[in-house]
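Below is one structure; the comments refer to it alone.
The values are calculated or read from the model by the stated rules, or taken from the named source; none is laboratory data. Since this is a predicted model, take the numbers as computed values, not measurements. A quick note on method: Cβ atoms are made from the backbone with ideal geometry, for glycine too, and the neighbour counts reach across all protein chains shown. The protein model used for the area step is the full one, side chains on, heavy atoms only, and it has no ligands, DNA or RNA in it. Shrake-Rupley method; radii C 1.70, N 1.55, O 1.52, S 1.80 Å.
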Amino acid sequence: TFAIPEFEDTRTSNSNDTVNATRVLTDAFETAFMSTGKELGYKIVERRVIQKVINELKETYSGNYLDEGLKEIGKLTNADALITGEIKKFQPPQYNNSEKPDKVTTCTTIGFSIKAIDIETGDLLFKGNILKSAGRNPLAAGMDILSSCDTDLLKYSETVSSDLVDKLIKKVKKSKKITSNR
């Protein structure tokens, strides 16, 4: 059983976001994890339960609540592992072509990292990151060159998340620290 709290946004500037990056990427990762992990018998703790436990731990511990309260998270949520995430890049498509305002000039780019931590031992089960861009649409000789450009931020979030979930599942399955029989 995995606990996946809402990802942390570590970008220095996110004032231009039109959507909530933490919610979008956490949901996309959770959805991708469920579709891959469910086949193996993995479960996910409801995020509201995790958030309630984390809020209680933040009040209890003055330092890093994850370091000090990791076992409590497991005990209170019945989770075997905690997956934390940090958003590094979350750029929706931009339309900056003054002559053709409907043409995309910068496509969707998403980057984030995750860690999977064994709640009982504190061992790091997996650490990975991903940075993907749907492509670029550069101007060349005054003409738009159309390249593959996914402008659906939500759909692209799921695609990127699936790639990282696949790596996580392979690593955790290989390590056999968290099994579907646990």
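Per-structure values
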| quantity | calculated |
| --- | --- |
| Ile114 vs. criteria at pLDDT 90 or above, buried (at least 20 other Cβ atoms within 10 Å of the Cβ) and either over 15 Å from Leu168 (Cα atoms) or not basic (Lys, Arg) (or both) | yes |
| Tally of residues being touching a residue at least 40 places away in the same chain (Cβ under 8 Å) and among the aromatic types (Phe, Trp, Tyr) across region 42-89 | 1 |
| Residues (among the hydroxyl-bearing types (Ser, Thr, Tyr) and outside any helix (DSSP H, G or I)) located in region 62-82 | Ser62 |
| Conditions (1) crowded, with 18+ Cβ neighbours inside 10 Å; (2) modelled with pLDDT of 90 or more; (3) among the charged types (D, E, K, R): number failed by Lys177 | (2) |
| Subset of region 20-43 [under 15 Å from Ile110 (Cα atoms) and open to solvent by 40 Å² or more (accessible area, probe 1.4 Å)] | Asn20, Arg23, Asp27 |
| Residue count, region 83-110 (criterion: out of contact with any helix residue (DSSP H, G or I) (no Cβ under 6 Å at 6 or more places or on another chain) and modelled with pLDDT of 90 or more) | 5 |
| Residue identified as more than 20 Å from Val172 (Cβ to Cβ) and outside any loop (DSSP other than H, G, I, E, B) among Glu59, Glu30, Glu39, Glu86 | Glu59 |
| Test result for Thr77, under 18 Å from the mean Cα position of the chain (by Cα), on the phi < 0 side of the Ramachandran plot and open to solvent by less than 40 Å² (accessible area, probe 1.4 Å) | no |
| Residue that is modelled with the highest pLDDT, among those in region 1-50 that are under 20 Å from Gln91 (Cα atoms) and among the hydroxyl-bearing types (Ser, Thr, Tyr) | Thr26 |
| Count of region 150-174 residues which are modelled with pLDDT of 60 or more and open to solvent by less than 80 Å² (accessible area, probe 1.4 Å) | 16 |
| Among (1) basic (Lys, Arg); (2) assigned to a helix (DSSP H, G or I); (3) surrounded by 12 or more Cβ atoms within 10 Å (Cβ to Cβ) - the single one Arg11 does not satisfy | (2) |
